[in-house]
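Enquirer: Before I ask anything, here is the structure I am working with.
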Amino acid sequence: MIKRFTLILLLAGLGAIFAGLMLDYVPDSELNRTADYYAKNTAADLGAANIVTAIIVTYRGLDTLGEVTVLFLTAAIVGLVLARDRHDQSQPDRELPPTGELLATGTRLLLPLILLFGAYVFSHGHLTPGGGFQGGAILASGMLLMLLSHPLRRFGHRTIAIVESIAGLAFVFIGVLGIALAGGFLDNRILPTGTLGELFSAGAIPVIYSFVGLKVGAEFSSMLLNLSETEEL
């Protein structure tokens, strides 16, 4: 009873706080100084039509490195915990029901399209909404589809680990090149910015996001593999 009452009070307090913020909210009539600079100068400075991507990849490149690092640590921790659980399990493998022919056939048809779409999203992040994180999640959805259609198949972790390692090292290497050859970490101007709005533009942003997409896709796929192998025990 006391726990429920405390929980109700906590929720009521949070609701009052958010209600006050919502009722007192007044939208800004104009951009602040920093936002105004980004809106007016990002495209000209970095050659990227998608201003959000340019800010994430270049202006706040160190923050993006931190996000990728957090995701890597999450995948590593999940792998370690589930690997220990697999070793501790003494129960025999349970028999999984076979998948339907519709799911197996659909996987063969959709998987190439999913991978192609994921590659499109992270290679066009400087032009359209999307980028490395979104494209990587789409790639991992292809792995999820394969796991659903082939629950008894064992997928190797080695290839995924190699892709993740190479992509991560390349991401950091390009960031260091930005310090040496341009204006800072992950500065995209180590390559020509090209013509605004074209595929080969925005300097190194498409390359950076391609490696981010591969790394994120590999990390999500690794977590899905570890979860699927644990569920089979």
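The values are calculated or read from the model by the stated rules, or taken from the named source; none is laboratory data. These numbers come from a predicted model, not from an experiment. Don't worry about glycine lacking a Cβ; one is built from the backbone with ideal geometry, like all the others, and counts go over all protein chains shown.
Enquirer: From the list Ala119, Ala170, Ala182, exactly one residue is under 15 Å from the mean Cα position of the chain (by Cα) and either under 26 Å from Val70 (Cβ atoms) or surrounded by 14 or more Cβ atoms within 10 Å (Cβ to Cβ) (or both). Which is it?
Expert: Values: Ala170 fails: under 15 Å from the mean Cα position of the chain (by Cα); Ala182 fails: under 15 Å from the mean Cα position of the chain (by Cα).
One residue alone meets the criteria, Ala119.
Enquirer: For the condition outside any helix (DSSP H, G or I), small (Gly, Ala, Ser), touching a residue at least 60 places away in the same chain (Cβ under 8 Å) and out of contact with any strand residue (DSSP E or B) (no Cβ under 7 Å at 6 or more places or on another chain), what is the one hit in Ala43, Ala48, Ala54, Ala75?
Expert: Ala48
Enquirer: Go through Leu10, Leu62 for me and flag whichever is assigned to a helix (DSSP H, G or I) and over 30 Å from His124 (Cβ atoms).
Expert: Details: Leu62 fails: over 30 Å from His124 (Cβ atoms).
Of the residues listed, the single one that is assigned to a helix (DSSP H, G or I) and over 30 Å from His124 (Cβ atoms) is Leu10.
Enquirer: Still on this structure, please answer the following. Within region 188-211, identify whether any single residue is surrounded by fewer than 19 Cβ atoms within 10 Å (Cβ to Cβ) and in contact with a Phe, Trp or Tyr (Cβ under 6 Å, 6 or more places away or on another chain), and answer yes or no.
Expert: Within region 188-211 (the criterion being surrounded by fewer than 19 Cβ atoms within 10 Å (Cβ to Cβ) and in contact with a Phe, Trp or Tyr (Cβ under 6 Å, 6 or more places away or on another chain)), the answer is yes, since at least one residue qualifies.
Enquirer: Follow-up. Looking only at region 55-69, decide whether some residue is of a type in the set (S, T, N, Q) and over 29 Å from the mean Cα position of the chain (by Cα).
Expert: So far as region 55-69 goes, no, none of its residues is of a type in the set (S, T, N, Q) and over 29 Å from the mean Cα position of the chain (by Cα).
Enquirer: Just to be sure I understand, how many residues within region 125-157 are surrounded by fewer than 20 Cβ atoms within 10 Å (Cβ to Cβ), outside any helix (DSSP H, G or I) and of a type in the set (Gly, Ala, Ser)?
Expert: 1
Enquirer: Can you go through Ser222, Ser149, Ser228, Ser210 and tell me which one is polar (S, T, N, Q) and modelled with pLDDT of 90 or more?
Expert: Only one candidate passes the filter, namely Ser210.
Enquirer: For Thr105, indicate whether it is within 22 Å of Leu71 (Cα to Cα), of a type in the set (S, T, N, Q) and either under 16 Å from the mean Cα position of the chain (by Cα) or surrounded by fewer than 16 Cβ atoms within 10 Å (Cβ to Cβ) (or both).
Expert: In short, no.
Enquirer: Turning to a different aspect of this structure: Which condition does Leu23 not pass, out of (1) of a type in the set (A, V, I, L, M, F, W, C); (2) loosely packed, with under 10 Cβ neighbours inside 10 Å; (3) at pLDDT below 85, if it passes all the others?
Expert: The number of the failed condition is (3).
Enquirer: Still on this structure: Scan region 174-195 and tell me whether some residue there is in a loop (DSSP other than H, G, I, E, B) and hydroxyl-bearing (Ser, Thr, Tyr).
Expert: Among the residues of region 174-195, at least one is in a loop (DSSP other than H, G, I, E, B) and hydroxyl-bearing (Ser, Thr, Tyr), which makes the answer yes.
Enquirer: Out of the residues in region 158-167 that are touching a residue at least 60 places away in the same chain (Cβ under 8 Å) and surrounded by 16 or more Cβ atoms within 10 Å (Cβ to Cβ), which is farthest from Thr42 (Cα to Cα)?
Expert: Restricting to residues being touching a residue at least 60 places away in the same chain (Cβ under 8 Å) and surrounded by 16 or more Cβ atoms within 10 Å (Cβ to Cβ), the top hit is Ile160.
Enquirer: Quick one: is Asp85 of a type in the set (Asp, Glu), farther than 20 Å from Phe185 by Cα and modelled with pLDDT under 85?
Expert: So Asp85 passes the test.
Enquirer: Within region 196-215, how many residues are assigned to a helix (DSSP H, G or I), within 15 Å of Ala48 (Cβ to Cβ) and not small (Gly, Ala, Ser)?
Expert: 6
Enquirer: Return the pairs, sorted by first residue and then second, in which the second residue is surrounded by fewer than 16 Cβ atoms within 10 Å (Cβ to Cβ) and not in a helix (DSSP H, G or I), the first residue lies in region 169-182 and is modelled with pLDDT of 90 or more, the beta carbons are less than 7 Å apart, and the residues are 6+ apart or on different chains.
Expert: Gly178/Gly184
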